[in-house]
Amino acid sequence: MTNPLICVATCAGAFGVKGEVKIKSFTDVAADCFAYGPLRDESGDVFLTITSKRTVKNGFAVLCEQVQTREQAQTLSGAKLYVYRADMPEPDEDEFYHEDLIGLDVKTTDGKRMGKIVQVHNFGAGDMLEISGTKDIPQFYHPFTKINVPKIDVKAGRVVILIEEAVSAQENDEKSES
C-alpha cells in the first residue's frame, strides 16, 4: 500500500523583507499544518523545513532552511505543501480526508452506478465531488454534504449519493398518479 500525500497548506508568497514565506493552512486548526513533519512537494520530497513561525493575518509567516531572501520566498507563491497521510491522525467517525475518497465507487440511493470519485474540490460554496461518470453518464460534480452523500464506506470502497433531480422527478410522477 502506498503512502499518499495530503495537501495541508499553500505558499502565499513572501512576507516582509527578510525571506519569510507566507503560508495559508488548509487544516481545521490552522497551526496543525506544521504538526505532521516537514512540508513536502507533490512528489514527496522535503520542500520546506520550518525553523520559526508566527501568526499573521490569513496565515503564518515562516522562516525555513530553504529560503534566505524575499525574492526566493516570492517564487514559491502558489506552491502546494503536503504531508504523508500516514503521519496524520486517523479522522473521527463521519470525517474523511479528501485523499481517502478518491477512487471510491459511486452509486445512487437506488443502486445505479455513477462512476468513481476523481477529486474533491471547493470552489467557494462548499465541497464538491468530481465523479468520473460511466459510458452513459458524463463526468459531473456533486455536492459533498450529508444530505447529498448519505453513505460513505471507505473500507468497502464506495459512496452512495442522492440525485435530487431523480427525487424531484419521482415525487412529480407520484403526484400525477394521485
Among (1) farther than 23 Å from Asp87 by Cβ; (2) touching a residue at least 12 places away in the same chain (Cβ under 8 Å); (3) out of contact with any strand residue (DSSP E or B) (no Cβ under 7 Å at 6 or more places or on another chain), where does Ala30 come up short? (1)
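Each row is one residue, and each column tells you yes or no for (1) outside any strand (DSSP E or B); (2) in contact (Cβ under 8 Å) with a residue 40 or more places away in the chain; (3) more than 24 Å from Asn122 (Cα to Cα).
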| site | (1), (2), (3) |
| --- | --- |
| Gly13 | no, yes, no |
| Lys24 | no, no, no |
| Ser52 | no, no, yes |
| Ser77 | yes, yes, no |
| Tyr82 | no, yes, no |
| Glu93 | yes, no, no |
Here are the criteria: (1) under 19 Å from the mean Cα position of the chain (by Cα); (2) assigned by TED's automatic domain parsing to the domain that holds Pro138; (3) surrounded by 14 or more Cβ atoms within 10 Å (Cβ to Cβ). Tell me which single one Ala12 does not satisfy. (2)
Candidate set from the stretch 125-168 (those that are part of a strand (DSSP E or B) and aromatic (Phe, Trp, Tyr)); member that is surrounded by the fewest Cβ atoms within 10 Å (Cβ to Cβ): Tyr141
Report yes if Ser43 is modelled with pLDDT under 95, surrounded by 15 or more Cβ atoms within 10 Å (Cβ to Cβ) and on the phi < 0 side of the Ramachandran plot, otherwise no. no
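Here is a yes/no grid of residues against (1) under 29 Å from Lys155 (Cβ atoms); (2) out of contact with any Lys or Arg (no Cβ under 7 Å at 6 or more places or on another chain):
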{"residue": "Ala14", "(1), (2)": "no, no"}
{"residue": "Val17", "(1), (2)": "no, no"}
{"residue": "Phe26", "(1), (2)": "yes, yes"}
{"residue": "Glu42", "(1), (2)": "yes, no"}
{"residue": "Phe47", "(1), (2)": "no, no"}
{"residue": "Lys80", "(1), (2)": "yes, yes"}
Could you look through the stretch 54-75, keep only residues that are part of a strand (DSSP E or B) and either touching a His at 6+ places or on another chain (Cβ under 6 Å) or of a type in the set (Gly, Ala, Ser) (or both), and pick out the one that is nearest to Cys33 (Cα to Cα)? Gly59
Boolean, Gly78 is out of contact with any strand residue (DSSP E or B) (no Cβ under 9 Å at 6 or more places or on another chain), closer than 26 Å to Val21 by Cα and either loosely packed, with under 13 Cβ neighbours inside 10 Å or among the basic types (Lys, Arg) (or both): no
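The values are calculated or read from the model by the stated rules, or taken from the named source; none is laboratory data. Model, not experiment: these values are computed from the prediction. Cβ: placed from backbone, ideal geometry, glycine included. Neighbour counts: every protein chain shown.
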